[in-house]
Structure formats: structure tokens, C-alpha cells
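Single-structure report; data block below.
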Amino acid sequence: MMGYVIGKAEGSNTEWHGHVTAITVAPEYRRLGLARKMMGLLEMVSDEIYKGFFVDLYVRCGNSVAIDMYEGMGYSVYRRVREYYGNIGLGKGGQDEEDAFDMRKPLSRDPRRRSVRSNGRDMIVSAHDVS
């Protein structure tokens with residue numbers, strides 16, 4: 001297997017969106033654009049079939065390679081979710097390395113880009129506050 005993406009549509013009203021549950025590409029197939037292609041298909045289905053307002057995903061705050069890739073695809077940080085992956089103690093800079101960034105990309109139903117914010121890295125919420 002070269003890779004896979006698992007996603008779903010969820011939420012209600014203006015929070016109706018596509019969600020990336022998991023995406024992976026086998027090491028020998030990385031840097032070939034497969035993740036970008038799979039994400040593009042999930043975004044297209046979320047936009048054209050399910051009529052979502054945005055696509056979101058969660059990524060470890062310390063995973064700079066993935067964050068850079070997602071930002072290159074048009075995603076931005078909506079908020080930081082404390083201890084999303086559990087609490088393993090303080091990491092670099094005094095912040096728990098198991099926090100997650102909730103990253104979002106607006107779709108065509110959100111022309112005013114209400115599903116994203118410019119200061120997302122400064123918006124910190126508890127894992128209990130997200131569904």
C-alpha cells in the first residue's frame with residue numbers, strides 16, 4: 001500500500017465540514033505528491049458532494065514537517081488544543097509536546113473565510129472543549 005486517507009463529514013450549520021481522521025504515505029512513496037493528491041480528493045468531496053464550509057485536521061504541534069506541508073496546501077492554525085494526544089509532560093519551551101493544532105482550510109461555501117483566523121496559534125483551548 002502506498003498510502004491512505006480517512007475522512008468524514010461532521011458538524012452542523014456553519015460548522016458542517018470535512019474532517020481528516022488520518023492520512024499516511026509509506027516512506028518509500030513520500031515526496032511524490034501523493035498526500036497532496038489524497039488531500040485534494042478529500043477536499044473536493046467535502047466541498048462538492050457534502051457542501052462543507054471547511055476541512056479540518058489535527059496535527060501534533062511538534063510535527064513541523066506536517067505543519068509546513070499543510071500550510072503549503074492552504075491550511076492555517078485555527079486553535080491550539082492542550083493535551084489533545086494526552087499529557088506526557090513539558091517539552092521544549094515549556095509547552096506540552098502532545099498539544100495539537102486544529103488546522104483548517106475554507107471551502108467555497110465560506111467565501112468570507114469565517115472558518116479560519118489569523119491568530120490561531122494564540123487561541124488555546126482544552127481537549128475537553130473540542131468534539
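The values are calculated or read from the model by the stated rules, or taken from the named source; none is laboratory data. For clarity, every value in this text was computed on a predicted model and none was experimentally measured. Neighbour counts are summed over all protein chains in view; Cβ atoms, including those assigned to glycine, are modelled from backbone coordinates with ideal geometry. Accessible surface is based on the protein model in full, side chains and every heavy atom, while ligands, DNA and RNA are left aside. Shrake-Rupley method; radii C 1.70, N 1.55, O 1.52, S 1.80 Å.
Could you please tell me which pairs satisfy a Cβ distance under 8 Å, a separation of 6+ or placement on different chains, a first residue in the stretch 97-116 that is over 19 Å from residue 72 (Cβ atoms), and a second residue that is of a type in the set (Gly, Ala, Ser) and open to solvent by less than 20 Å² (accessible area, probe 1.4 Å)?
Close Cβ pairs satisfying both conditions: 109/52.
For residue 18, state whether it is touching a residue at least 24 places away in the same chain (Cβ under 8 Å), surrounded by 13 or more Cβ atoms within 10 Å (Cβ to Cβ) and part of a strand (DSSP E or B).
When the stated conditions are applied, residue 18 passes them.
Among the residues in the stretch 72-85, are any over 13 Å from the mean Cα position of the chain (by Cα) and at pLDDT 95 or above?
There is no residue in the stretch 72-85 that is over 13 Å from the mean Cα position of the chain (by Cα) and at pLDDT 95 or above.
Does the stretch 124-131 include one or more residues that are of a type in the set (Asp, Glu), open to solvent by 40 Å² or more (accessible area, probe 1.4 Å), part of a helix (DSSP H, G or I) and modelled with pLDDT under 95?
Within the stretch 124-131, one or more residues are of a type in the set (Asp, Glu), open to solvent by 40 Å² or more (accessible area, probe 1.4 Å), part of a helix (DSSP H, G or I) and modelled with pLDDT under 95.
Restricting attention to the stretch 5-27, which residues are within 14 Å of residue 66 (Cα to Cα) and among the β-branched types (Val, Ile, Thr)?
20, 23, 24, 25
Going by what's in this entry, would residue 12 be described as open to solvent by 30 Å² or more (accessible area, probe 1.4 Å) and of a type in the set (S, T, N, Q)?
Yes.
Going by the structure shown, is residue 32 in contact with a Ser or Thr (Cβ under 9 Å, 6 or more places away or on another chain) and either open to solvent by 50 Å² or more (accessible area, probe 1.4 Å) or in a strand (DSSP E or B) (or both)?
no
Does the stretch 104-122 hold any residues that are part of a loop (DSSP other than H, G, I, E, B), touching a helix residue (DSSP H, G or I) at 6+ places or on another chain (Cβ under 8 Å) and open to solvent by 30 Å² or more (accessible area, probe 1.4 Å), and which are they?
Within the stretch 104-122, 108, 109, 114 qualify.
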